[in-house]
1. Can you pull the one-decimal nm distance between simple spin-label points at residue A:36 and residue B:102, each 7 Å off the Cα toward Cβ?
2. 5 Å is the cut-off here: which amide hydrogens, built 1.01 Å from N in the peptide plane, fall below it relative to residue A:186, excluding neighbours closer than 5 in sequence?
3. Counting other C-beta atoms within 10 Å, and keeping those with at most 12, which DSSP coil GluC sites (Glu not before Pro) do you find in region B:33-67?
4. Separation between the residue A:49 and residue A:158 pseudo-spin-labels, each 7 Å from Cα along Cα→Cβ, expressed in nm?
5. What does the structure give for B:35-42 when I average, per residue, the other chain Cβ atoms found within 10 Å of the residue Cβ?
Amino acid sequence: MPEAPTGVVCDDETLVQLARGGDRPACEELFRRHRDAAYRVAFRMLGHHDDALDAVQEGFIKAIGHLEDFGGRSGFRTWLLRIVHNAAIDAGRKRKRMPSLGIGDEEHNPIEPACEDDPARGLNRADLRRILDGALNRLSPKTRMTFILFAEENLSYKEIAEIQDVPIGTVMSRLSYARHKLQSYLDLDAIDEL
Amino acid sequence: MRCVDVTRELSAPTGDRQSSALAQHLAACPQCAAWAARDMKLNQLWDATRPVEPSTEVWNEVWTEISARLDRPDVLPFREAPTIRPGRRILMITLGVAQAAAILLAVFFFTRAPGGPQPDATVHQPVRPVDGAPPSSVAQSDSDPLDIDPDGSLVVLRIEAPGKVEKTEVALNDNSGRVDSGFEMLNFLESAAKQ
Ligand SMILES: [Zn+2]
């Protein structure tokens, strides 16, 4: 891990400066620090492990290749997530490999737990994820991403606004809309044990 | 507090979640209380389905791939972006404008100088017929005359042999692409200013 002469671990800003000069260990350290956050966001967005890894990989290569465009106004993580966000939305648009529950009418067919998923027995993690992914998939990609950035990464409204290039008010509206929609898509009352 | 304000505050908190008004509303409004309970369930569902992060081995493989891609010259030029201080930028612009002005002045004086081209005196001056050749509008003088082609290009006329006139187009730059001369001049001034 790149360290300053005093032994103090470099902050992202210093690592970015080093990476701009072609310092590969600095690039690797930036990757190591932010890969998990990028993966979580991409995975929630795409619902598929391999697609999420692809989005992280492509996003990171783009980020490092365009470091001169990084103004430093927001942190490197926000900037990287912005790139991964775009990569994930593109990938989702192209591949449409989001797990599907075979739902029909979007607005009038709330997702029910599968019949074999007896709430009394408790749902396993894969079942729960399948149910949630199905509901998330019914949100528009941008609204879905707003919700994911907030719920998964606990980003501030300002950070989400920067990543999505929208006003803060839009972020808050999307969050409110997403929660209302998710509540209507999910039969949350039927899921007793979590 | 209205119901819509309560659900909005629960969805996208502004920090008033703990306010007594919100608590009072939730205690008195079964609809909002049910909404809040479902919202909490949604949060629990979210927490229960958090992605399992890839193992270190998987990440190492991804990094190996990234590192290999970064080695490709088309992916990573790793060039330092040139930084120009504001003062230097102003100096460069001023020099560019001065260069352009000097060139314009030189062109102006060249065309007005006594030994320089005198379009009015030479163009359209009839040429004495040689060996019975019909008169032409080409001037025959010691200095090569200028003319303007039908397409608007400035040309130098040179009599190579009796009855044979060679036209050479005058261009500030290589203008083989037949770009409009005015545009070419503007281009030249712009590039001079940028240097
Ligand atoms: Zn209410």
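Here, each number is a calculation from the coordinates, and none is a lab measurement. Everything numeric in this text was worked out from a predicted model, so none of it was measured. FYI the Cβ positions are ideal-geometry reconstructions off the backbone, even for glycines, and counts take in every protein chain you see.
1. Simple spin-label model gives 6.3 nm for this pair.
2. A:111
3. Nothing satisfies the criteria.
4. Rounded to a tenth, the inter-label distance reads 3.8 nm.
5. Taking all residues of B:35-42 together, the mean is 5.
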